[in-house]
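The next block holds one structure in the form of structure tokens; read it before the comments.
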Amino acid sequence: MTTPASTVPLDRNPDKFLTRTVHDLLSLKGRTIVITGAGRGLGLAFAFAVAEVGGNVAIIDLLDKPHDHFNKLQSEFNVKVKLYKSDVTSYATLEKTFGEIVTDFGRIDGLVTAAGICLDEPFLERGAESVARTMNINVLGTYYAAQLAAAQMAKQEPTDFNPRGGSIVFIASIAAHVASKGQTTSDYCASKGAVVSLAKALGVELSSIGVRVNSISPGYMLTDMTIDLCDKYPWLADIMTNEPPMRRIGDRTDLKVPVVYLLSDASAYHTSDDILITGGIHAGRLL
């Protein structure tokens, strides 16, 4: 039987695991990672994770002033870190920002889309402008950033640390899978469902150019904003702590390694997936 000319030859080296260590696989040394919404919150924690494994970090945020921890990120790691004020809902503005990043860093090897908002208002009372704002930031902002990053990944020169393509990580939510008890966040749930679906579709479509696309769906996570929310609505603190089967709210530390894993060579055969990190709440709630 004749083998079709288009068949890719089988890689017959089964011993690569002997030469590539876990530390090597998880390294982002030399790579440039763009993170949207990283002036504070989850995105800022991801920026620290990238810097800790040697990656350069380009942060995009609409904030006039980032969290004070940004200064620590800039000063304590021997990597390049720069903050760009931009609007993920404006394609023209974001395109200019990505151009500046490429000029400053020379390339883009990874993207994490952490920019997002979550408003709490009953479905029947939600105004059209509020819904549009959520969709524009959470969905279109993710779409635009991914498109601009992938376009750069496809055309840039290969290097020893990244011979081809790159990795894109969308930050989705448990809200894409189950409704949040004690909250009315219909448009947020819809937007994060769109993000999960987009990651699956793009992972397939962009595989031919070496770009992997995955999403992470965190459960309840402890941030400054979460603390303020629970102070305002004490019953949410009880829900976030006691509903997950693991009986605790997640910490941003719980997300650092998964983000690095998806950005690095450790996940070289992993695409079009959504990783749920929820303390088990996606499987069921404790009574």
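Values in this text are rule-based calculations from the coordinates and carry no lab data. Everything numeric in this text was worked out from a predicted model, so none of it was measured. Heads up, the Cβs are rebuilt from the backbone with ideal geometry, glycines too, and the neighbour counts pull from every protein chain shown.
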Heads up, the helices (runs of 4 or more DSSP H) in the stretch 27-128 (entirely inside) with at least 3 residues that are surrounded by fewer than 24 Cβ atoms within 10 Å (Cβ to Cβ), aromatic (Phe, Trp, Tyr) and without any contact (Cβ under 8 Å) to a residue 60 or more places away in the chain are none
Considering residues that are touching a helix residue (DSSP H, G or I) at 6+ places or on another chain (Cβ under 8 Å) and not in a helix (DSSP H, G or I), the number found within the stretch 203-238 is 13
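Can you tell me which of Val131, Val139, Val169 is over 18 Å from Ile216 (Cα atoms), outside any loop (DSSP other than H, G, I, E, B) and in contact (Cβ under 8 Å) with a residue 12 or more places away in the chain?
Details: Val139 fails: over 18 Å from Ile216 (Cα atoms); Val169 fails: over 18 Å from Ile216 (Cα atoms).
Just one listed residue meets the conditions, Val131.
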Only one of (1) over 23 Å from Asp273 (Cβ atoms); (2) without any contact (Cβ under 8 Å) to a residue 12 or more places away in the chain; (3) charged (D, E, K, R) does not apply to Asp224, and that is (2)
For the stretch 144-151, does any single residue satisfy the condition of being of a type in the set (A, V, I, L, M), within 27 Å of Arg252 (Cα to Cα) and not in a helix (DSSP H, G or I)? no
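Please work out if Ala283 is in contact with a helix residue (DSSP H, G or I) (Cβ under 9 Å, 6 or more places away or on another chain) and without any contact (Cβ under 8 Å) to a residue 40 or more places away in the chain.
On the way: in contact with a helix residue (DSSP H, G or I) (Cβ under 9 Å, 6 or more places away or on another chain): no; without any contact (Cβ under 8 Å) to a residue 40 or more places away in the chain: yes.
Criteria not met by Ala283.
Conditions (1) surrounded by fewer than 21 Cβ atoms within 10 Å (Cβ to Cβ); (2) out of contact with any strand residue (DSSP E or B) (no Cβ under 6 Å at 6 or more places or on another chain); (3) among the hydrophobic types (A, V, I, L, M, F, W, C); (4) on the phi > 0 side of the Ramachandran plot, marked per residue:
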{"residue": "Ala179", "(1), (2), (3), (4)": "yes, yes, yes, no"}
{"residue": "Thr184", "(1), (2), (3), (4)": "yes, yes, no, no"}
{"residue": "Leu236", "(1), (2), (3), (4)": "yes, yes, yes, no"}
{"residue": "Arg247", "(1), (2), (3), (4)": "yes, yes, no, yes"}
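What residue, among those in the stretch 261-287 that are among the hydroxyl-bearing types (Ser, Thr, Tyr) and not in a loop (DSSP other than H, G, I, E, B), is nearest to the chain's Cα centre (by Cα)? Steps first, answer last, please.
Residues of the stretch 261-287 that are among the hydroxyl-bearing types (Ser, Thr, Tyr), as a first pass: 261, 264, 267, 269, 271-272, 278.
The next check asks that each one be not in a loop (DSSP other than H, G, I, E, B); those that pass are 261, 267.
Working: Tyr261: 12, Ser267: 14 Å.
Among residues in the stretch 261-287 that are among the hydroxyl-bearing types (Ser, Thr, Tyr) and not in a loop (DSSP other than H, G, I, E, B), the one nearest to the chain's Cα centre (by Cα) is Tyr261.
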When restricted to Lys256, Lys200, the only residue in contact with a strand residue (DSSP E or B) (Cβ under 8 Å, 6 or more places away or on another chain) and either in a helix (DSSP H, G or I) or without any contact (Cβ under 8 Å) to a residue 60 or more places away in the chain (or both) is Lys200
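Could you list, in sequence order, the residues of the stretch 239-253 that are among the acidic types (Asp, Glu) and part of a strand (DSSP E or B)?
Of the residues in the stretch 239-253, the ones among the acidic types (Asp, Glu) are 243, 251.
Correct list: Asp251 only.
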